[in-house]
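Single-structure report; data block below.
The values are calculated or read from the model by the stated rules, or taken from the named source; none is laboratory data. None of these values were measured; they are calculated from a predicted model. Every residue, glycine among them, receives a Cβ derived from its backbone with ideal geometry; neighbour counts consider all protein chains shown.
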Amino acid sequence: MRRMETALLDGTWAPGTRLPAERQLAEQYAVARNTVREAIQRLAARGLLQSRRGAGVYVTDQLRAGIASPWGQLVADHPALRDDILEFRRVLEGATAYFAALRADAGDIARIRALLRELERTRAEDDKAAEADADARLHDAIAQASHNTMFLHLHTSVIGMLREHITINGTGLREQDAAASGQLLLQHRTLCEAICARRPEEARTAMQTHIDFVRSHVERDGG
């Protein structure tokens, strides 16, 4: 059960993921199927997994919702809190970028590069909604590449709020200012290059520069 919890915490099994079959898990962990079944039942009782009749066992969004749930409405009701979110993002995501540059494995780097290509493609096609979505998923991939369970947990716990914020600000900037859209893409390229080249200080600086750019536009446009 502890090893399964680790897979939930470190992002191996993201919310919505269907778990492998009991037989596969038993082989993977070198235990009896009854042991796997009992572990699944305990995790389901805590709301971390959900059995769906005829469809298998799925990861819930319990870890994601654990911290963020009251905040989404607060941010919606109090736009002034957005600057606090950006300040938090500057610290948290600066750190995740730093550790991603130190610890990203080949799979992490492949994901980051693929999402950067997706960001470039959606920018070229002027699909602002898809561009904002790729932007958010790129930030997710960087957090996972940090390989720090607490950074990932914090990021995942508030991801709904952060994603909403990235989308609000990203789409807003892209709609209001074509030059800003180009700047955002350039910032993401610089960030991804630093991570993939394993330059942690440059990665942190690139992420903080990106967040500062968004903050300056939010302040200029009155939040």
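Points to keep in mind about this one:
- Test: ASP135 is charged (D, E, K, R), under 20 Å from ARG82 (Cβ atoms), surrounded by 19 or more Cβ atoms within 10 Å (Cβ to Cβ) and modelled with pLDDT under 90: yes
- Condition met for ASP108 (touching a helix residue (DSSP H, G or I) at 6+ places or on another chain (Cβ under 7 Å), modelled with pLDDT of 85 or more and within 23 Å of LEU185 (Cα to Cα)): yes
- Unmet criterion (only one of (1) closer than 20 Å to HIS217 by Cβ; (2) modelled with pLDDT of 80 or more; (3) surrounded by fewer than 18 Cβ atoms within 10 Å (Cβ to Cβ)) for TYR58: (1)
- The residue pairs whose first member lies in segment 117-131 and is under 16 Å from LEU186 (Cα atoms), whose second member is surrounded by 18 or more Cβ atoms within 10 Å (Cβ to Cβ) and acidic (Asp, Glu), and whose beta carbons are closer than 7 Å, counting only pairs six or more residues apart or on different chains, are LEU119/GLU131; LEU119/ASP135; THR122/GLU131; ARG123/GLU131.
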